[in-house]
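The values are calculated or read from the model by the stated rules, or taken from the named source; none is laboratory data. Model, not experiment: these values are computed from the prediction. In this analysis, Cβ positions are derived from the backbone assuming ideal geometry, glycine residues included, and neighbour counts consider all displayed protein chains.
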Amino acid sequence: MRVVSGIQPTGNLHLGNYLGAIKNWVKMQEEAECFFFLADLHAITVTNDPATLSANTREMAAALIASGIDPDKSTIFNQARVSGHTELAWMLFCSTPLGWLDRMTQFKEKSGKHKQRASMGLYSYPVLQAADVLIYQATHVPVGDDQKQHLELAREIASKFNHDTGQDVFTLPEAFINGPAARVMSLRDGTAKMSKSDPSDLSRINLSDSNDDISKKIKKARTDAELLPSEMEGLENRPEVRNLINIYAAIADEEPQTILSQYAGQGFGTFKPALIDLVITTLSPIRERFIALKSDEKMLDTILGNGARKAQNEAQKTVEFSYKALGLLRNKLYC
Ligand code: TYM
């Protein structure tokens, strides 16, 4: 089992990232060989400020370590330090039909009304994402539900490349999308995903939020005037309530039905304080570790540098195999 996944170093880690992806990464590092990276090359597909990007990359490394990713168990690095990601992406660009990229819903969402002004990087982003996982021969890719389409594309790209070259260059990776928090929704609108780019800070819980912030945001989270039902069917057409139950269940490592059975017939005056306690108990130790780690730039650079060396060794094997499969001549030094 080879596990690979990434996160963009844009701003803060939020509860959606933590419950949808990182909590699974922490579990998986106990049983598999894991590569986790900061997708800094993906972050430059939209407007970039260089100083902010460098600072965010180190901060996100601190956030992952604070969340439980152990650099002695997992390989942690930033994508830009491993040149093979972009080399392989070019080889994949050349065999990926444009029509496959035209289907990608995230490009449509992120490019908005002005598609002609969006960068080529934003359009071809899913191909770099395919290179990110194929380069390590990933078997499992733990992600939130919003990455499902990109992972399906990565499998198609891998199959086509293997077919076109007539060689088994790539392992076909499986998306690992797990549990009630695969899609954590905004606290203000149960039909929109919790996201770093939502203009309302009340819509998300950030890793850096104080206990008071967490309490305020959950108290203000949109709900309704009805009591909690005893069965999941009772949550139909109540997306905000379902979201809070899912968050509770994901943190408590329980099924949403178990949480409903516990709170059936109760109102939010009882449920919200319990959720606040649970979120604070989980996030506050992570926040404390994060604050302690994020100012130690030297230590973070050492971890990222060491991780990149390990990653580069693995990545290079696939890069050379791919060049060879395409008939591209290389210096012996690399092979
Ligand atoms: P990113 O940085 O947007 O998100 C990182 C991870 O967090 C998950 N996630 C969520 N899960 C549940 N609910 C939410 N509201 C929520 N918001 C985010 C994402 O699904 C993701 O798992 N393109 C990727 C980064 C990337 C990548 C890769 C991931 C680049 N290369 C290769 C996997 C494999 C992204 O922008 O994730």
For this session: Would you mention how many residues in the range 221-250 are over 21 Å from Thr191 (Cα atoms) and touching a residue at least 60 places away in the same chain (Cβ under 8 Å)?
Result: 0
Exercise. Can you name the residue in the range 183-205 that is under 15 Å from Thr223 (Cα atoms) and surrounded by fewer than 17 Cβ atoms within 10 Å (Cβ to Cβ) and is also nearest to the ligand (Cβ to nearest atom) among such residues?
Worked result: Ala192
Seminar exercise, completed: Reported set for the range 34-82 where residues are of a type in the set (Asp, Glu) and more than 21 Å from Ser208 (Cβ to Cβ) is Asp70, Asp72
For this session: Please verify whether the range 118-126 includes one or more residues that are over 20 Å from the mean Cα position of the chain (by Cα) and either within 13 Å of the ligand (Cβ to nearest atom) or touching a residue at least 60 places away in the same chain (Cβ under 8 Å) (or both).
Result: yes
Exercise. Does Arg183 meet the test of being assigned to a loop (DSSP other than H, G, I, E, B), modelled with pLDDT of 95 or more and not hydrophobic (A, V, I, L, M, F, W, C)?
Worked result: yes
For this session: For residues that are within 12 Å of the ligand (Cβ to nearest atom) and either at pLDDT below 95 or assigned to a helix (DSSP H, G or I) (or both), tally how many sit in the range 156-179.
Result: 2
For this session: Would you check which residues across the range 86-122 are aromatic (Phe, Trp, Tyr) and at pLDDT below 95 and list them?
Result: Phe107
Exercise. If we keep just the residues of the range 24-37 that are free of Cβ contacts under 8 Å to residues at least 60 places away in the same chain, under 30 Å from Pro50 (Cα atoms) and not in a helix (DSSP H, G or I), which is farthest from the ligand (Cβ to nearest atom)?
Worked result: Cys34
For this session: Give the residue, chosen from Gly16, Gly6, that is assigned to a strand (DSSP E or B), touching a residue at least 60 places away in the same chain (Cβ under 8 Å) and within 10 Å of the ligand (Cβ to nearest atom).
Result: Gly6
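Here's the yes/no breakdown for (1) under 24 Å from the mean Cα position of the chain (by Cα); (2) touching a residue at least 24 places away in the same chain (Cβ under 8 Å); (3) more than 30 Å from Glu226 (Cβ to Cβ):
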position: Asp277; (1), (2), (3): no, no, no
position: Leu283; (1), (2), (3): yes, yes, no
position: Met299; (1), (2), (3): yes, no, yes
position: Thr302; (1), (2), (3): yes, no, yes
position: Tyr323; (1), (2), (3): no, yes, yes
For this session: Output the residues belonging to the range 290-299 that are surrounded by 15 or more Cβ atoms within 10 Å (Cβ to Cβ) and either under 14 Å from Ser67 (Cβ atoms) or in contact with a strand residue (DSSP E or B) (Cβ under 6 Å, 6 or more places away or on another chain) (or both).
Result: Phe290, Leu293, Lys294
Exercise. If Ser210 satisfies every condition in (1) among the hydroxyl-bearing types (Ser, Thr, Tyr); (2) farther than 21 Å from Lys23 by Cβ; (3) surrounded by 14 or more Cβ atoms within 10 Å (Cβ to Cβ) but one, which is the exception?
Worked result: (3)
For this session: Answer yes or no as to whether Ala138 is hydrophobic (A, V, I, L, M, F, W, C), within 17 Å of the chain's Cα centre (by Cα) and part of a loop (DSSP other than H, G, I, E, B).
Result: yes
Seminar exercise, completed: Exactly one of Ala21, Ala62 is farther than 19 Å from Tyr125 by Cβ, of a type in the set (Gly, Ala, Ser) and either within 14 Å of the ligand (Cβ to nearest atom) or not in a loop (DSSP other than H, G, I, E, B) (or both), and that residue is Ala62
